[in-house]
1. About the Cα centre of the range B:30-205, what is the dipole size in debye to 20, counting +1 per Lys and Arg Cβ and -1 per Asp and Glu Cβ, all else neutral?
2. Tally Lys and Arg at +1 and Asp and Glu at -1 over the other residues with C-beta under 12 Å from the C-beta of A:LEU6: what net charge comes out?
3. Which one of B:GLY141, B:GLY63, B:GLY176 has the biggest mean-square fluctuation once chain B is modelled by GNM with Cα springs under 10 Å?
4. How high is the relative contact order of chain B, in percent, counting Cα pairs under 8 Å that sit 6 or more residues apart?
5. Considering the options B:PHE56, B:PHE27, B:ALA139, tell which one lies farthest towards the positive end of the dipole of chain B, charges being +1 on Lys and Arg and -1 on Asp and Glu at the Cβ, about the Cα centre.
6. Excluding A:ALA55 itself, calculate the net charge of residues whose Cβ lies under 14 Å from the Cβ of A:ALA55, where each Lys or Arg counts +1 and each Asp or Glu counts -1.
7. Hey, what number do you get for the protein assembly as shown at 222 nm if only DSSP H runs of n ≥ 4 count, each worth -39500 (n - 2.57), divided across all residues, to the nearest 500?
8. Positive end of the charge dipole of chain A (Lys, Arg +1 and Asp, Glu -1 on Cβ, about the Cα centre): tell me which of A:PHE364, A:PHE324, A:ASN352 has its Cα farthest that way.
Amino acid sequence: MTAPRLDAKDAAMLEQTWRDPPGLIGWFSAINHKTMSLRFMITTFVFFVLGGLLALAIRLQLAGPDGKIVGADLYSQLFTMHGSTMMFLFAVPVMQAVATYLVPLMIGARSVAFPRMNAFAYWIFTLGGIMLFVAFFLNVGPDAGWFAYVPLSSLQYSPTKRVDIWAQMITFTEMAGLMEAIVLITTILKMRAPGMTLNRMPLFVWAILATSFMVLFSMPAVMLGSTALITDRLVNTQFFNPLKGGDALLWQHLFWFFGHPEVYMIFIPPLGFISSIVATFARRPIVGYPAMVLSVVATAFLAFGLWVHHMFATNLPELGKTFFTAASLMIAIPTALQIFCWIATLWTGRLNLRTPMLFVLAFFVILLAGGLTGLMLASVSLDTQLHDSHFVVAHLHYVLMGGAVFPLFGAFYYWFPKFTGRMLSESLGRWNFWLFFIGFNLTFFPMHVLGLQGMPRRVYTYPAAMEWGSLNFAATVGSFMIAVSVLLFIVNVLRSRRHGVPAGNDPWGAGTLEWSIASPPPAGNFEMVPVVHARDPLWEPKRLPSHVTGLANDYREILVTSVADAELDHRLWLPSSSLAPFVTALATTVLFVGSIFTPWAVVWAAVPVAAGATWWFWPKKDIVEQRTGSEISPYDVEVES
Amino acid sequence: MSTLEKEKEKDKDKVLLDVSKLPTFGFGHRSPMWWGTMCLVAIESTVFALAIMSYFYLRSHAGAWPMSGLPPDLVWGTVNTGIIVASMIPNHFAKRAAERLDLKKVRLWMSVCMLVSVAFLAVRVLEFKTLNTHWDSDAYGSIVWMLMALHTTHLITDAYDSLVLTVLMFTGPLEGKRFVDVSENAGYWYFVVLSWIPIYAVIYWGARL
């Protein structure tokens with residue numbers, strides 16, 4: 001049975017309705033979730049490349065003893081910029097960027113909820129990232145480490161604007177992150193196609209839901225902390241000044257109450273990538289769906305009980321530390337459970353070893369190594385020895401690169417055909433993969449040994465007598481292999497988007513809804529919104545009713561369903577494209593950047609922000625009048641349950 | 001319509017699920033706007049909770065609390081708590097009117113809400129004047145001002161939101177989902193009021209008990 005389709009005229013109207021407006025102003029007015037997501041992905045990828053170039057500079061400097069390429073001051077900026085860029089401008093946002101593309105497609109929705117806020121979040125994020133790099137090129141790049149510990153980051157020890165730039169970069173990126181979380185939670189809970197109960201939701205969507213809730217409860221901590229830091233520096237508040245009753249450890253608590261969950265905000269979405277990829281390339285549904293869902297949710301909860309393990313080297317009570325050791329060991333359980341479920345899936349499936357799958361298999365190896373060094377660091381005594389050494393650098397790169405970047409590359413290979421309609425080249429993909437895998441291990445494995453030998457983090461050079469030269473040289477060679485591999489990826493993307501093999505709707509034979517529509521998807525995603533009867537709708541026999549009818553083609557009308565069971569509830573009109581989110585984001589940027597130089601910017605720049613937000617909200621008369629005739633009040637109908 | 005035609009009609013129903021009779025807006029947790037607002041409430045509550053925890057964290061490390069000087073005067077803070085709590089009454093009626101799609105009463109009660117907003121913003125200025133500490137005096141002063149500034153920001157932004165919405169309810173263009181906006185705006189207002197109660201307790205009584 002073929003799916004019912006709209007006739008050509010209606011389909012054209014639907015396309016016209018959801019399309020972004022043309023022209024330059026139209027470009028800045030775009031709010032379609034796919035447009036914004038692609039821009040978001042490209043922007044985060046640019047930051048990934050910039051962060052990577054900073055890392056290459058670090059590796060060049062450390063390649064041999066007594067390196068002379070950069071001085072201590074620039075080196076401090078390099079590692080701070082590298083860490084801040086990778087964490088705040090790449091790892092967390094790229095997951096949200098991918099999610100805002102895929103979630104609506106996976107749940108059978110025509111848009112994200114709050115599309116204008118989604119656009120605003122993108123602009124705020126991008127402008128914040130631009131501010132950081134402009135500052136860096138003006139020699140005011142942050143230099144107090146990516147976690148900006150006080151007292152080093154206090155005005156006394158960092159008297160220039162560098163730390164202020166860092167603190168405002170936090171404000172920009174966390175504000176964007178929080179808004180994306182709101183967008184994603186609401187989309188997932190209220191906009192699933194009828195029949196897609198929570199129990200039928202793809203595991204990727206579950207991962208994004210859990211991550212977004214973590215964002216809600218963790219990002220406020222770093223925003224509060226960085227606000228206290230910047231007011232300490234600009235208007236002489238005393239939060240972190242021990243002479244006036246302040247406390248330096250308060251910063252560490254606020255930072256890590258965010259910072260540890262952040263690791264899982266980076267790591268949980270890739271669990272969703274992996275579940276999608278493993279199911280498709282094992283050609284069977286994931287084993288133990290309920291266990292997988294519960295593991296993701298358990299990980300999200302436990303992640304909030306770990307933050308003190310970053311503070312084992314402080315004078316906190318020893319009894320308290322043992323609690324955090326226990327929690328740090330415990331969080332390995334749900335992760336292990338998921339890994340066993342994937343292994344069972346692969347074991348009982350028929351394996352199809354394509355590039356996305358290679359990246360996932362690398363995840364197993366690298367994350368396992370990173371997880372095991374994590375268990376080592378969870379022990380207070382061992383941590384006290386290894387704290388602030390290159391062992392920690394090795395550990396965190398094994399966890400973050402293995403846990404997030406490898407699956408992310410796998411995800412790009414997997415969903416690129418959906419984004420562009422063309423396949424990435426497999427042979428370049430294999431070069432990309434093997435150079436990355438070997439280069440990664442060559443770079444970071446030696447750092448374990450260097451750390452055990454006592455090489456600290458954040459030193460800009462070391463004397464030859466320490467005998468750390470050869471391992472460091474190996475690491476530098478490895479880092480250039482990674483660079484070449486990323487370059488190959490870029491070549492692959494640029495070539496394949498024009499000349500790749502046409503993908504069709506479902507090149508991998510996958511089971512979830514995004515593969516039921518054209519590649520790239522039409523502006524309104526689904527010509528007809530599907531009705532869902534199973535977890536992997538494309539792998540199950542078709543059942544009736546198969547699709548929804550009665551949604552408008554001439555307005556941006558969406559279907560709102562109930563939270564748990566996705567039963568029909570009401571129709572809703574989403575806003576049209578608008579320049580207001582972009583303009584409001586510009587005004588907000590003036591406020592944030594201005595406040596670095598004068599606290600009064602918060603007052604006077606609030607005026608254009610409020611004006612922009614009001615313009616954004618204010619409905620257009622002609623659009624409203626078109627629609628009011630066809631309104632149906634909730635009191636006029638009894639909704640069938 | 002013949003029986004045969006009816007049967008055919010039914011078959012079509014089986015293939016396609018017709019949603020054209022569904023309402024075009026809904027109140028409460030049926031509405032995405034409710035979920036967006038609740039997420040915002042979760043974020044803001046976390047900010048307040050962390051600021052309160054920071055207050056007690058600093059207090060636990062301090063020899064004397066307040067570190068220097070006097071606790072805030074009770075008068076204006078307590079008066080304003082009364083006003084803020086009382087604002088829930090017009091707010092309740094505005095929400096109820098919105099959910100009954102009663103435009104006249106929405107206009108009336110939102111206007112009353114705006115008057116109350118002017119009152120508590122004015123008294124808030126007096127509160128700041130009688131805190132008996134400055135943000136730069138010591139860590140106690142910093143956290144007290146932080147809590148006050150955070151909550152005052154909410155008062156100002158929510159008063160402004162409500163103002164824009166009130167004007168819209170008078171001038172239009174109106175459609176059904178604007179009643180949902182009024183209802184959700186009132187829901188958020190409850191949060192701004194209810195979050196003040198623990199903050200009031202901390203600022204005014206945390207420095208005394």
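Coordinate-derived values only; no laboratory data. Here the structure is a predicted model, which is why all the values come from computation and not from measurement. Reconstructed Cβ throughout: ideal geometry from the backbone, glycine too, with neighbour counts over all protein chains shown.
1. 560
2. Values: positive: A:ARG5, A:LYS9; negative: A:ASP7, A:ASP10, A:GLU15, A:GLU527.
Residues close to A:LEU6 contribute a combined charge of -2.
3. B:GLY63
4. Once divided by the residue count of chain B, the mean separation gives 34 percent.
5. With unit charges placed on the Cβ atoms, the residue in question is B:PHE27.
6. That sum, taken over residues with Cβ under 14 Å, equals +3.
7. Counting only the DSSP helices, I get -22000 deg cm²/dmol.
8. Checking the options against the dipole of chain A, the answer is A:ASN352.
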